[in-house]
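Each remark here refers to the structure printed beneath this line.
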Amino acid sequence: MVNFGRLMTAMITPLTESGAIDWPRVAGCIEHLIATGTESVVIAGTTGESPTLTHREKLELCRYAVQQADGRVNIIVGTGSNNTQDSVELTGEVASTGVDGVMLVVPYYNKPTQEGLYRHFKIVAQSTSLPVMLYNIPGRSSVNMSVDTMIRLTNEVENIVMIKESSGNLVDVMELVSRKRKDVAVYSGMDELVIPYMSAGADGVVSVASHLAGTSMKEMIEAFIQGKVEQAGEIQRKLIPLVQALFMTSSPAPLKYAMSQLGLCEEHVRLPVVPLAKEEKEKMDFVLQHLQIERD
């Protein structure tokens, strides 16, 4: 089984002013994440502006990321959507690019039932031999995948080996951890709840804040694993203002602005997401200065 580690990063997709993918910045971001402790990079997820990436761009991004990473970190690509057949087709195509796994988000907008979720995920996961991460994020999909559905899927589909859980429901996390198959890893999808999730038995985090505070995130996770709970909690609390600032408006606009201030990318995003307003930039500037976040 592939070891995807404890710190994953849901990576941005750097863009040029014209809206094209900024390939040199993609390379730079991957190098930056590797240098600051990321063990697996998730591309073409929400933070990567997947809703506005074309099918072709996602495939190109896979090939480029795999080549740039060169085995130093795992590359996971978001291939899930609210169209089951499209998800199957994209999942099949990315397999040839050398990616290490795929992430399947709960279908959005359709508002499927739990039975619909079960059938959707089972069909897509069984269409590939790649490791699969289920992604539960009711705040964006409007539907919460129940623990029963997650357990049903992991019990029946062997290559579903990860769950990114972003409901914020710690009771569900504890139940999931207690009932899951032993080799299934559970990851927090919420930077503000990494230590609470890990206290409930989760294995790590798929992070956004790690773009800016990867070293601190890594230190926090390692401190917790080593039993230094007070130290881990202190780091978690210190990072809260940053996490809040990163989601003050539509993601990834705040993150891209912050990274632009550190020279890691431009702040360009694709519509319908828009760049930060002046007052929002001032808030982010304050947070970056207060936390003394600098380019590694």
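Things to note:
- Within the range 1-98, helices (runs of 4 or more DSSP H) holding 3 or more residues that are of a type in the set (D, E, K, R) and modelled with pLDDT of 95 or more: 55-69, 84-94
- Residue check for G101: out of contact with any helix residue (DSSP H, G or I) (no Cβ under 8 Å at 6 or more places or on another chain), surrounded by 19 or more Cβ atoms within 10 Å (Cβ to Cβ) and at pLDDT 95 or above: yes
- Scope the range 26-44; condition in contact (Cβ under 8 Å) with a residue 60 or more places away in the chain, farther than 14 Å from N74 by Cβ and not hydrophobic (A, V, I, L, M, F, W, C); matching residues: G28, H32, T36
- Between E230, E219, the distinction of being touching a residue at least 12 places away in the same chain (Cβ under 8 Å), among the charged types (D, E, K, R) and surrounded by fewer than 19 Cβ atoms within 10 Å (Cβ to Cβ) belongs to E219 only.
- Residue in the range 160-178 that is in contact (Cβ under 8 Å) with a residue 24 or more places away in the chain, closer than 19 Å to Q85 by Cα and open to solvent by less than 10 Å² (accessible area, probe 1.4 Å) present: yes
- Among the residues of the range 106-159, those that are among the hydroxyl-bearing types (S, T, Y) and open to solvent by 30 Å² or more (accessible area, probe 1.4 Å) comprise Y108, Y109, T113, S127, S129, S142, S146.
- Count of residues meeting criterion [β-branched (V, I, T), within 18 Å of the chain's Cα centre (by Cα) and surrounded by fewer than 21 Cβ atoms within 10 Å (Cβ to Cβ)] in the range 47-65: 1
- Tally, over the range 191-205, of residues that are out of contact with any helix residue (DSSP H, G or I) (no Cβ under 7 Å at 6 or more places or on another chain) and crowded, with 21+ Cβ neighbours inside 10 Å: 1
The values are calculated or read from the model by the stated rules, or taken from the named source; none is laboratory data. Nothing here was measured: the structure is a model prediction, and the numbers come from that model. A quick note on method: Cβ atoms are made from the backbone with ideal geometry, for glycine too, and the neighbour counts reach across all protein chains shown. Keep in mind that these areas ignore ligands, DNA and RNA; they rest on the heavy atoms of the full protein, side chains included. Shrake-Rupley method; radii C 1.70, N 1.55, O 1.52, S 1.80 Å.
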